[in-house]
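What follows is a set of notes on a single structure, which appears directly below.
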Amino acid sequence: QVQLVESGGGLAQAGGSLRLSCAASGRTLSTYALGWFRQAPGKEREFVAAIDWSSGNTNYASSVKGRFTISRDNAKKALYLQMNSLKPEDTAVYYCAARDFYIATTGSAYPYWGQGTQVTVSS
């Protein structure tokens with residue numbers, strides 16, 4: 001089992017930045033992939049970014065590539081999402097998720113989820 005707790009959401013202006021954190025606990029993370037997903041009101045959950053915990057390999061949605069950076073701190077068991085050049089369309093609840101083995105971009109592949117943190121970007 002893996003427990004995930006997100007933090008760092010809030011309100012930002014368009015063009016601004018926010019940094020999300022996800023604290024992981026439970027099983028060892030050496031063979032996990034962790035990801036960020038988001039869900040805006042009235043829309044389906046969508047993939048944002050993911051990272052292989054062991055290798056550090058990353059994958060990004062095209063909508064955030066070049067603006068968002070996913071990273072992890074192995075010692076702290078923490079996952080981060082640095083969000084720059086924010087746009088109003090980035091407004092959503094952001095979720096941290098974990099799964100065994102390799103990176104996946106579909107939410108159904110991740111059995112472990114945090115409670116989510118709200119990000120609101122004003123124009």
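Provide a single number: the residues in the range 14-30 that are basic (K, R) and not in a strand (DSSP E or B). Summing the residues that are basic (K, R) and not in a strand (DSSP E or B) in the range 14-30 gives 1. Within the option set R45, R27, R99, being touching a Pro at 6+ places or on another chain (Cβ under 9 Å) and charged (D, E, K, R) holds for one residue only, R99. Residues in the range 89-123 that are more than 22 Å from S25 (Cα to Cα), without any contact (Cβ under 8 Å) to a residue 60 or more places away in the chain and of a type outside the set (V, I, T): 3 in all.
Here R27 qualifies as basic (K, R) and open to solvent by 20 Å² or more (accessible area, probe 1.4 Å).
Residues of the range 59-75 that are in contact (Cβ under 8 Å) with a residue 40 or more places away in the chain and touching a strand residue (DSSP E or B) at 6+ places or on another chain (Cβ under 8 Å): N59, A61. L11 satisfies every condition listed in (1) over 14 Å from W113 (Cα atoms); (2) open to solvent by less than 40 Å² (accessible area, probe 1.4 Å); (3) outside any loop (DSSP other than H, G, I, E, B); (4) in contact (Cβ under 8 Å) with a residue 60 or more places away in the chain except (2).
The values are calculated or read from the model by the stated rules, or taken from the named source; none is laboratory data. Just so we're clear, the structure is a prediction, and the values are computed from it rather than from any experiment. Neighbour counts are summed over all protein chains in view; Cβ atoms, including those assigned to glycine, are modelled from backbone coordinates with ideal geometry. Only protein heavy atoms, including side chains, enter the accessible area calculation; ligands, DNA and RNA are left aside. Shrake-Rupley method; radii C 1.70, N 1.55, O 1.52, S 1.80 Å.
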